[in-house]
Amino acid sequence: MSINVPRGTKDLLPGETEKWQAVEQLIRDTCNLYQYKEIRTPIFEHTELFTRSVGDTTDIVQKEMYTFTDRGNRSLTLRPEGTASVVRSFVENKLFGLPNQPVKLYYMGPMFRYERQQAGRYRQFVQFGIEAIGSKDPAIDAEVMALAMSVYKKAGLKKIKLVINSLGDLESRQAHRDALISHFAPHIEGFCTDCQNRLQKNPLRILDCKVDRENPLMSTAPKLPDYLNEESAAYFEKVKHYLDILQVGYELDPNLVRGLDYYNHTAFEIMSEGEGFGAITTLAGGGRYNGLVEDLGGPEAPGIGFGMSIERLLLALEAEGLNFSILDALDIYVVAMGEAAKDKAVSFVSELRQHNISAEMDYLDRKVKAQMKSADRLNAKFSVVIGDNELETGKVSLKYLATGKQQEMTFEEIVQNYNEIVIKAMGELA
Ligand code: HAM
C-alpha cells in the first residue's frame, strides 16, 4: 500500500520550488527596503498563547488548531498564524527595550489550520507576515499596507485591490457590540449553534460565520463605522490621508471584520480580482492590535501587521497568466561529442561553477541533438558544443539560445567575460 501526503498538504517539486525561491527573495528584498528584520519563532507554542490572543470564540481556535499533548503533559499547538508568536517573543525577549522603536519584524514559514481543503486553502501553508510594534502613528498603518501591496505589484499582479475598514477603539467596539446583540438576539434561533453561543460572548464573530453568511440579517446588521467615537474616526481619517500620500488606492468596506479577536482600529484585506482565481479571493489580511502586547504580559506597545500566504500569491499570478521569472536559470549548457570532449566538458563545467556561472552537461551518454534538447528544456541562456575541432583550436562557439546568434571565443574568455557577454547578448535582444 502506498502512502500519500496528508490531506491539505503538498510536496513542492523542482519546477515549483524555483518560483517559491523567487517570491521569497522578492519578499526579503522588499522587507529590507522598508527595514523590517527577520524573526524566527518555534513552529509550536503553548496552546494558551493562541486562545488568549486569537480568541477562544474564533473559528481558528474552536475548529482549526492542531493541538496535542506532549509526553510532559503540556498542551501544545502547531502555530495557526504568526502574530501571537511574534508578540510573545517581543515580550519574552524585552524587545520593547531596544533603542529603535517601533520594532519592525517579518517572518516567513509554515502555519497550520485544520480547514476544508480547496484551491488556496491548505492545512499547511507558508505565511509571510510583518509586525510593527511600538507605535500608534497612523503613518505606520499606511506603511504596512503599502509594503503588502508593493510585494504583489513587484510580483507583477495587476488585478488586486486593498479594502480597508476601522474597527475603532474599545469604547467604539463596545457600542457596536451592544447594537449587534440587540439586532441578532430576537432572531438568534434561526442561526447555527456556534452563532448562538457567540451572541453574548463575541457577537462580532457572527458577522464572520461561514454557515450563516447568506442570512438576510447579516447585511442589515449595525455597521462598525457608524459606531466610531471621535478619536477613532479621526485616527482612521489620518490612515487614509497617509495612504493618499503614498498613492496607495483603497476601497472602504464597512462590513470587513477580521476573523481574529486581537484587532482594533485599522483592519484591511487585499483581494484578487483575477478571473479564475476561485472562491477564495483574499490574498492577505491584517490590522492593528493595540493592547495585545499588554494582554500577553508586556508594557503598552501598540502594533500593526499583516499575513499573506505564498500559495495564494502564486495562485493569483497563475490566474493573471503571469509566469514568475526564475532566478536561477541555467547559464551555460555544455554539449560534448566523444570521450576526449567529455573530459574537457567535465573540467569546463566545474570551472564555470567555480566562477559563479551555473553550468550543466549530459550524464546519460546522449547524442548531440538530445543534449541540445536538454539545454532548451533547462532554459539555458547559452550552449557550447565541444568536439575534436574545438579541442584542437581551443575555441568554441558560444550560442545565445534566445536568438541563435553564435560567437567564437576561447574557454578562458567565456569565464573571464561572462557578465559582459550576457549584457551584450540581452541588449541585442532588446
Ligand atoms: P489571517 O487573515 O487569518 O490573518 O491570515 C492571513 C493570510 O494567511 C490570509 O489572507 C491568507 O493569505 C493566508 N492563509 C490563512 N489561512 C490559510 C490557509 N488555510 N491556506 C492558505 N493560506 C491561508 C492572520 O493570520 C494574522 N496573523 C495577520 C496579521 C498579522 N495581523 C496582524 N499581523
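The values are calculated or read from the model by the stated rules, or taken from the named source; none is laboratory data. Keep in mind the model is a prediction, meaning the values are calculated, not measured. As a convention, Cβ positions derive from the backbone with ideal geometry for all residues, glycine included, and neighbour counts pool all protein chains shown. These accessible areas exclude ligands, DNA and RNA; they are computed on the full protein's heavy atoms, side chains included. Shrake-Rupley method; radii C 1.70, N 1.55, O 1.52, S 1.80 Å.
Excluding LYS405 itself, calculate the net charge of residues whose Cβ lies under 13 Å from the Cβ of LYS405, where each Lys or Arg counts +1 and each Asp or Glu counts -1. Residues close to LYS405 contribute a combined charge of +1. With all protein chains in place and ligands, DNA and RNA left out, the 1.4 Å accessible area ranks ARG40, ARG377, ARG88 as ARG40, ARG377, ARG88, largest first. Counting only heavy atoms of the protein chains and using a 1.4 Å probe, LYS405 has close to 110 Å² of accessible surface. Semi-axis lengths, largest first, of the ellipsoid equivalent to segment 5-48 are 24, 22, 6 Å, with √(5λ) applied to each eigenvalue of the Cα gyration tensor. Other residues lying with their Cβ under 14 Å from the Cβ of TYR242 contribute a combined charge of -1, Lys and Arg counting +1, Asp and Glu -1.
With all protein chains kept in place, the per residue accessible area of the chain amounts to 51 square angstrom at a probe of 1.4 angstrom.
Here segment 332-429 yields Rg over Rh of 0.93, to two decimals, using C-alpha coordinates and the Kirkwood radius.
Distance distribution note for segment 202-250: the fraction of Cα pairs above 11 angstrom is 75%. The spacing between segment 41-102 and segment 341-362, judged by their C-alpha centroids, is 49 Å. Protection proxy ranking for 166-179, 229-242, 362-375, using the average of other Cβ atoms within 10 Å per residue and placing the highest first: 166-179, 229-242, 362-375. Convex hull volume per residue, computed on the Cα atoms of segment 20-134, equals 119 Å³. Per q in 0.20 1/Å, what log10 I(q)/I(0) does a Debye calculation on the alpha-carbon atoms of segment 92-216 return? For segment 92-216, the Cα-only Debye profile gives -1.20. Considering only beta bridges that DSSP places wholly inside the chain, some 80 percent are antiparallel. Rg then Dmax, both in Å and based on the Cα atoms of segment 292-356: 25.1, 73. When a 1.4 Å probe is rolled over the protein heavy atoms, the share of accessible surface on segment 332-429 that falls to carbon and sulfur comes to 49 percent. When the helices of the chain are scored as -39500 (n - 2.57) per DSSP H run of n ≥ 4 and the total is divided over every residue, the value at 222 nm lands at -11500 deg cm²/dmol. Eigenvalues of the alpha-carbon gyration tensor of segment 148-229, scaled by 5 and square-rooted, set the equivalent ellipsoid semi-axes at 30, 17, 10 angstrom, largest first.
Looking only at GLY274, GLY285, GLY249, which one moves most when the chain is put into a Gaussian network model with springs between Cα atoms under 10 Å? It is GLY249. Kindly provide log₁₀ I(q)/I(0) values, in the same order as q = 0.09, 0.14 Å⁻¹, from the Debye equation applied to equal alpha-carbon scatterers of the chain. With one equal scatterer per Cα and no solvent, log10 I(q)/I(0) is -0.69, -1.25. For the chain, modelled as a GNM whose springs connect Cα atoms under 10 angstrom apart, the maximal fluctuation among ASP59, ASP29, ASP11 occurs at ASP11. First measure r as the distance between the Cβ atoms of LEU33 and ASP295, then evaluate 1/(1 + (r/R0)^6) with R0 = 25 Å and state the FRET efficiency to the nearest 0.05. Computed FRET efficiency for LEU33 and ASP295 comes out at 0.20.
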